[in-house]
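Here's the structure we're looking at; comments come further down.
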Amino acid sequence: MAELDHWHPVLFADALGSKPAPVRVCEHELVLFRASNGKASLGALADVCPHRGMRLSEGRVEGGRLVCPYHGWSFAPDGEGKSPATPAARPCADAFDVVERFGLIWIKRRGSPVVFPTIDVSGYHLIGKTRHRAEAPLEVTLDNFIEVEHTPEVHALLGYPRERMAEVTCEVTSTDTSVRVVNEGPQKALPRPLYSLLQIEPGDTFVDDWTTWFSPVYTIYDQYWFDPATRQRRPNALRIVVFFVPVTAERTDIFALSYALVAPWERYGLNAFTYLLTRAFVVMELRRDVTLLGKLADKRPELRGRTLSRFDKPLGLARKRIETIYRGRG
Ligand code: FES
Ligand SMILES: [Fe+2]
């Protein structure tokens, strides 16, 4: 098992129109195309023509086939090729498995036996779909997303206040295939309108309960609030699903699907402004993580030699599972 054997999101589905689109994942260059308008006709091929190496993403789609712009050889979504000048030839392009789900296009190595990641969002409303690129390796990018100690410094809204960080609890459990962390502590102060948007009160306790999986590498965050006096849960909750996709060894794409239990527009009436505002907050907070990651002086994934905190236990647990499950080593 190697990286590309797992399903990876690589593009928003609505970003793929009638033109082929190049994507890069795990150091591989691929071309995606729609053979027709139907969802069953997606193609994902290595972005290099088997004839003389032209970039297929420079080509066009015609009659359900991707046409190379150099000598006009054409390829079906399964890689089966034709050469107009030599009808007896049977060229073949490298094809990948490809599906469209959750508004994203996903690829994996053809025929690899992994199952599609489990993403249960039944009962939730989609509030945002975002993509950010971090200039950092997979492990180092994931590190930022699996500890909350950075939230007072880095985030404007998400997480815990600096002066009460010592009260925040951190409970870590793991299985062979997952790492779960539950953090609980006071919600940091928010701008007034956000309390009603999230349907919480100042002084509420914020729980961030998240589990990371490794085929592919992704984390599902369950975030909710309760009244610290009664431990009564507030009606709303967020479920944020974040996929970490290595583009190269030094660069990681972060695809986030954000959901809310109570859609803001249900409470306020259909309100595009509220929707856009919520989405803007998610984008802003993720951008802060990504900007910070780009500024790290030492981006080596090694943990040895570092001085780790009580919040950093998941980092080592995740490293092990990335090696065994995601990279298939050891
Ligand atoms: S290089 Fe693609 S058809 Fe010749
Ligand atoms: Fe963060």
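The values are calculated or read from the model by the stated rules, or taken from the named source; none is laboratory data. The model shown is predicted, which means the values in this text are computed figures rather than measured ones. Reconstructed Cβ throughout: ideal geometry from the backbone, glycine too, with neighbour counts over all protein chains shown. Heavy atoms of the whole protein, side chains included, go into the accessibility calculation; ligands, DNA and RNA do not. Shrake-Rupley method; radii C 1.70, N 1.55, O 1.52, S 1.80 Å.
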Cross-chain or 6+ apart pairs with Cβ under 9 Å, the stretch 51-64 first and farther than 12 Å from Phe33 by Cβ and touching a residue at least 24 places away in the same chain (Cβ under 8 Å), then away from ligand 1 (no atom under 12 Å from the Cβ) and of a type in the set (Asp, Glu): Arg55/Glu29
Sole residue being modelled with pLDDT under 95, closer than 27 Å to Glu184 by Cα, of a type in the set (A, V, I, L, M) and in a helix (DSSP H, G or I), chosen from Val262, Val282: Val282
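Pick out the one residue from Val67, Val10 that is farther than 30 Å from Glu250 by Cβ and in contact with a Phe, Trp or Tyr (Cβ under 9 Å, 6 or more places away or on another chain).
Working: Val10 fails: farther than 30 Å from Glu250 by Cβ.
None of the other options fit; the residue is Val67.
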Residues of the stretch 61-83 that turn out to be loosely packed, with under 15 Cβ neighbours inside 10 Å and under 19 Å from Arg110 (Cβ atoms), as a count: 2
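Select the strands (runs of 3 or more DSSP E) contained entirely in the stretch 104-184, then report the ones holding at least 2 residues which are away from ligand 1 (no atom under 16 Å from the Cβ) and within 21 Å of Phe255 (Cα to Cα).
Values: elements: 104-109, 125-134, 169-174.
Strands (runs of 3 or more DSSP E) meeting the threshold: 104-109, 125-134.
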Within the stretch 283-304, considering residues that are among the charged types (D, E, K, R) and surrounded by 12 or more Cβ atoms within 10 Å (Cβ to Cβ), the one nearest to ligand 1 (Cβ to nearest atom): Lys299
Index of the failed condition, Lys19 passing every other in (1) within 12 Å of ligand 1 (Cβ to nearest atom); (2) basic (Lys, Arg); (3) within 28 Å of the chain's Cα centre (by Cα): (1)
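Would you point out the residue of the stretch 114-153, among those that are of a type in the set (Ser, Thr, Tyr) and within 16 Å of ligand 2 (Cβ to nearest atom), that is nearest to Arg279 (Cα to Cα)? Break it down into steps so the answer makes sense when it comes.
Of the stretch 114-153, the ones of a type in the set (Ser, Thr, Tyr) are 118, 122, 124, 130, 141, 151.
So of that shortlist, the ones also within 16 Å of ligand 2 (Cβ to nearest atom) come out as 130, 141, 151.
Details: Thr130: 9, Thr141: 21, Thr151: 19 Å.
Only one residue tops the list, namely Thr130.
Taking the condition closer than 15 Å to Ala21 by Cα, in contact (Cβ under 8 Å) with a residue 12 or more places away in the chain and more than 16 Å from ligand 1 (Cβ to nearest atom), does Pro77 pass? Write out each step before concluding.
Working: closer than 15 Å to Ala21 by Cα: yes; in contact (Cβ under 8 Å) with a residue 12 or more places away in the chain: yes; more than 16 Å from ligand 1 (Cβ to nearest atom): yes.
In short, yes.
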Criterion violated by Asp14 - all others in (1) in a helix (DSSP H, G or I); (2) over 21 Å from Val247 (Cα atoms); (3) charged (D, E, K, R) satisfied: (2)
Filter result (in a strand (DSSP E or B) and small (Gly, Ala, Ser)) within the stretch 185-223: Gly185
Looking only at the stretch 123-137, and only at residues there that are open to solvent by less than 40 Å² (accessible area, probe 1.4 Å) and of a type in the set (A, V, I, L, M, F, W, C), the one that is farthest from Asp298 (Cα to Cα): Ile127
